[in-house]
Amino acid sequence: MNRFRVLFPLAGLLVGLTAGWVLFPALLYRTEEQPLQFSHAVHTDTGGMACADCHSFDADGRFVGIPTTAQCASCHADVMGETENEKRFVEEYVKTNREVPWKVYARQPDNAYFPHAAHVTRGGIACERCHGPHGTMNTLRPYQVNRITGYSRDIWGSSIGRVGMEPWEGMKMDDCVRCHRETERARACLDCHK
Amino acid sequence: MPLTRRDILRFAGAATAGIVFSPLPWKMLDDVAIWTQTGPWIPKVPRGPISHVPSICSVCPAGCPVTARCVAGVPSSLRAASGSGQPLCPIGLTGHHLAYHPLRVAGPCLVEHRGEKVLTTSLSLDEALRRLPSVDGDRSVMIVDQRPGRAISDRYRAFVRQHPGSFYAVPDDDASMRTVGYDLERAHTILAVSTPLLDGWTTPARTARLIERRSKNDGLRILAADAARSRTATLADRWMPIRPGSEAALLVALLHLAHAHRQPDMTPSMRAIIERTTPERVAAAIGVTPVQLRHVYEKLTERGPSLVVVGGDGSNSVDAETDRLAFQLNRALGAASNGAIRQRPAIPVSEGLRERDLAVATPLSSVPDASVALVIIDGDEGTCHLSWESIVRTLHPGASIVVSLSPVLTALASHADLIIPSPAPFESFGEATGDGTDIACRYGVSRPLHPRRPGSVDPELVLGHLSGQVIEHEAALRDKVAGIWASRRGQIRTPDGSTTNLTSVEGAGSLWTALSEGAVWTLEGAPASASVRALESDASATDRLAARLSELAAGGATSTIAVVPTTWAPVTSCSRLSPLMTKLYQESGLRPTSEVAAVAPATAHACGVEDGAVAELRAGEQSSKVKVRVSDSLAPGMVQLSAGPDPVGFRSPEPPAVANALPRGRAAELRKS
């Protein structure tokens, strides 16, 4: 009889652990599809383009992020390939001069200031160091948004426990500080929180 | 096996332990912390294309050229225009924050006082306008213009002219400051009498030039006569500590040394005062020695052009008599003839209006008591000193109504009966009419950068309701610009630093385009001799001066402590300062508010108060709780604190604290609370 009673705390522990490690992340994140599919691989492999060809810096050195429709239209004014996504892009966005409402995996909170120029141009850090194999993927991953904060899951990283992550995963302050510490860079509060 | 309560508790306890050993609580802490920074109540930073918009800063009349960095069309920062070579002050740098000021008034509202609380009740615009009484022969109106010289000012003046018995009133210090400007760049010796010459008195550009000249050691000599060792006194070549309230005596003594009483155009009574006010007679009352007075005079005459500047920064200006004395002394030092002081020209009136059809500005103190039924207070008290007492005494004892057009709930607006808020800076076209200390008059137009908040109303609409002649705000400004263009005088300076004579501008439309893209129209003043008549003291002023000098010489107040009001307009009136800067100033102590009283160590010891202690400052019937800050920048027997209409700003509006009612040198007591 007492042996069965031992199972109650064990079952409780199992339920608690399952709730924390499995159920919670499943509930915390909401999956959203990108408005269009986009193949980085076609552009980087077949097209032979570099990241900076589209994700460039403007005249005053500011990183412009995702290219505008007008930039894309310099090549895609008309449909070049055969994919349905490209056709939709040209019809719905290029010809109507609308911006694609991309969901940005790496968008930082408003109170964090991240200058690409200091890291890429001056620091010489490769894009893959923070964005991983994003530039070689054939499709866009589903965008997972944190229901509480409203930010992308990529900020925290794929693992809810932040264990076993790839070096490029995670864009939390801890990740920034760790890299700055490893490379012996300055890490004052006002560097990132203006 | 029956399920017991203990089993359930074991299960729940173990489940809780399991959760603790999972990321759930720690991740929740992290996410909730971020959520508090991203909730719907937090303004979101816009994202989008970046543009740089040339404009001017219209937060104060100086009109410094700025470049607004806009993200998705919303200004994110202001900086000095690169071609202007002028720095920006902290007010201008954060001017785009003012549209988000926590004291913004959302729309027309009635104001009601319940105890110390101020309650506002929203009204529709139609309802608010219906509450304005009609202006006729029996009901006179007083329009208080806190920023004279603008397009709407011309309309106000025309309206008042058409309604006899009404007044177009301006703050007293404003009327006097706008008569004569100082050519600081020309001067080699400057005596700043209780004036923060290097600390916000004039525009940042002129201050920067003075400091640059000092650093280059090009012969500029600055003398400071101030009761406290102010920032200006610290940077000056010589600081002469004087008793607060003795500025007039100091100037008369210097006039005596300049033999001004021998000038032929001096009135006999003034000549008599100057002749008998020898340094020996008043030195003790001023708090200096006769030798020091003679030394200062020698320095003034040693290397000219020399200038004597008086007056605070708009919130703490000296009285009109002292201002006139300074003018007389400048004239005696030759500043009028060598161009160091000049008469500031007036900005031409709007097209379609004639100067002779406009009412003359009346200093607020000259408006008779109990004479008006409707008071319209234009703007907020951000750049001048206007107390509620100076308004309320003019109200007719019967049915009278005070309407504030302030975009924020300032101290003055909180006393009004009705608020019809005007747009905040950079929400509509703004105007800058030039720094009152400058020798030139200026006119500039700032472009709207923010989307306009619903509920704000252009003053032109309120005036149009009273006069029956409605004009759009932008149309009124275009008329003003057309009036300037028609004068064919002056020149425009574009943001890149180039200048063009107005005669070369093709038409009023071209001038409007240039001004709305950041150019500023400038017209330099004429030699000041022409304005001598306007500044000469009349008989009553001379009598008041004589009485003051006698009182000072007799020992003045019997109290042990004299108040030294110090102020910097944005601190005394929060409406023109970003809350960010208010917080910075208050927490750092860089610009103490009226809640902080600075006293000398000896005075603190004598009064039994310590640094940081809360004490009661009493002057006559009024008293105020202050936090004591012991400072050796003050001479014993003085207490220094900020003065102004609303020194703290974020407190609930209440009757003015003791500091607001204290003239310079007022006797007071300080004791432990």
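Numerical summary
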item: B:L523, sole failed condition from (1) out of contact with any Cys (no Cβ under 6 Å at 6 or more places or on another chain); (2) modelled with pLDDT of 65 or more; (3) crowded, with 20+ Cβ neighbours inside 10 Å; result: (1)
item: Which listed residue, of B:S55, B:S77, is among the small types (G, A, S), within 14 Å of chain A (Cβ to nearest Cβ) and closer than 30 Å to B:L198 by Cβ; result: B:S77
item: Meets criteria (of a type in the set (D, E) and in a helix (DSSP H, G or I)) for A:D53; result: yes
item: Residues within the stretch B:232-267 that are closer than 23 Å to B:Q640 by Cα and surrounded by 16 or more Cβ atoms within 10 Å (Cβ to Cβ), tallied; result: 17
item: Selection from the stretch B:1-49 of residues that are more than 7 Å from chain A (Cβ to nearest Cβ) and hydrophobic (A, V, I, L, M, F, W, C); result: B:L3, B:I8, B:L9, B:V20, B:W26, B:M28, B:L29, B:A33, B:W41, B:I42
item: Among the candidates B:V564, B:V614, B:V609, residue that is modelled with pLDDT of 80 or more and crowded, with 21+ Cβ neighbours inside 10 Å; result: B:V609
item: Leading residue by the ranking (surrounded by the fewest Cβ atoms within 10 Å (Cβ to Cβ)) among those in the stretch B:330-384 that are at pLDDT 90 or above and among the basic types (K, R); result: B:R356
item: Output for the stretch B:233-245, where each listed residue is at pLDDT below 90 and under 23 Å from the mean Cα position of the chain (by Cα); result: B:P244, B:G245
item: Qualifying residue in the stretch A:44-62 (condition: in contact with an Asp or Glu (Cβ under 8 Å, 6 or more places away or on another chain) and either modelled with pLDDT of 90 or more or farther than 30 Å from B:D31 by Cα (or both)); result: no
item: B:S82 loosely packed, with under 13 Cβ neighbours inside 10 Å, under 19 Å from B:S516 (Cα atoms), among the polar types (S, T, N, Q) and within 14 Å of chain A (Cβ to nearest Cβ); result: no
item: Top-ranked residue in the stretch B:567-606 [being of a type in the set (S, T, N, Q) and at pLDDT below 70; ranked as farthest from the chain's Cα centre (by Cα)]; result: B:S594
item: Qualifying residues in the stretch B:432-446 (those that are closer than 19 Å to B:C89 by Cα and assigned to a loop (DSSP other than H, G, I, E, B)) - the one modelled with the highest pLDDT; result: B:T433
item: Long-range neighbours under 8 Å by Cβ, at least six apart or interchain, first residue surrounded by fewer than 11 Cβ atoms within 10 Å (Cβ to Cβ) within the stretch B:40-51, second of a type in the set (S, T, Y); result: B:P43/B:Y100
item: Residue check for B:R186: among the charged types (D, E, K, R) and part of a helix (DSSP H, G or I); result: no
item: Selection status of A:D78, out of contact with any Ser or Thr (no Cβ under 8 Å at 6 or more places or on another chain), within 14 Å of chain B (Cβ to nearest Cβ) and surrounded by fewer than 17 Cβ atoms within 10 Å (Cβ to Cβ); result: no
item: A:V104 vs. criteria assigned to a loop (DSSP other than H, G, I, E, B), modelled with pLDDT of 90 or more and surrounded by 16 or more Cβ atoms within 10 Å (Cβ to Cβ); result: no
item: Within the stretch B:593-606, tally of residues that are surrounded by 21 or more Cβ atoms within 10 Å (Cβ to Cβ) and under 14 Å from B:K625 (Cα atoms); result: 4
item: Verdict on A:A112 being closer than 30 Å to A:R185 by Cα, touching a residue at least 60 places away in the same chain (Cβ under 8 Å) and assigned to a loop (DSSP other than H, G, I, E, B); result: yes
item: Pick from the stretch A:27-61, criterion within 11 Å of chain B (Cβ to nearest Cβ) and more than 19 Å from the chain's Cα centre (by Cα), ranking: farthest from A:G135 (Cα to Cα); result: A:L27
item: Subset of the stretch A:126-170 (residues that are in a helix (DSSP H, G or I) and more than 14 Å from every other protein chain (Cβ to nearest Cβ)); result: A:E128, A:R129, A:C130, A:H131, A:G132, A:P133, A:H134, A:G135, A:T136, A:D154
item: Out of A:P167, A:P142, A:P133, A:P115, sole residue that is surrounded by fewer than 18 Cβ atoms within 10 Å (Cβ to Cβ) and within 23 Å of B:G48 (Cα to Cα); result: A:P115
item: The stretch A:14-44, residues that are in contact with a helix residue (DSSP H, G or I) (Cβ under 7 Å, 6 or more places away or on another chain) and among the hydroxyl-bearing types (S, T, Y); result: A:Y29, A:T44
item: Residue check, A:A70 part of a loop (DSSP other than H, G, I, E, B) and within 14 Å of chain B (Cβ to nearest Cβ); result: no
item: Condition met for A:P25 (over 30 Å from A:R162 (Cα atoms) and of a type outside the set (S, T, N, Q)); result: no
item: Residue match in the stretch B:87-94 (condition: at pLDDT 90 or above, touching a Ser or Thr at 6+ places or on another chain (Cβ under 9 Å) and farther than 30 Å from B:Q469 by Cα); result: yes
item: Count of residues meeting criterion [within 14 Å of B:S467 (Cα to Cα) and exposed (fewer than 15 other Cβ atoms within 10 Å of the Cβ)] in the stretch B:115-132; result: 1
item: Among the candidates B:L132, B:L110, B:L98, residue that is in a strand (DSSP E or B) and either closer than 23 Å to B:G455 by Cβ or not hydroxyl-bearing (S, T, Y) (or both); result: B:L110
item: Scan of the stretch A:1-26 for residues that are within 7 Å of chain B (Cβ to nearest Cβ) and touching a residue at least 40 places away in the same chain (Cβ under 8 Å), ordered by number; result: A:W21, A:F24
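This table checks each residue for (1) outside any strand (DSSP E or B); (2) closer than 17 Å to B:V309 by Cβ; (3) charged (D, E, K, R).
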site: B:A224; (1), (2), (3): no, yes, no
site: B:V252; (1), (2), (3): yes, yes, no
site: B:H256; (1), (2), (3): yes, no, no
site: B:R271; (1), (2), (3): yes, no, yes
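The values are calculated or read from the model by the stated rules, or taken from the named source; none is laboratory data. Since we're looking at a predicted model, the values are computed, not measured. Cβ coordinates were reconstructed from backbone atoms using ideal geometry, including for glycine residues, and neighbour counts include every protein chain displayed.
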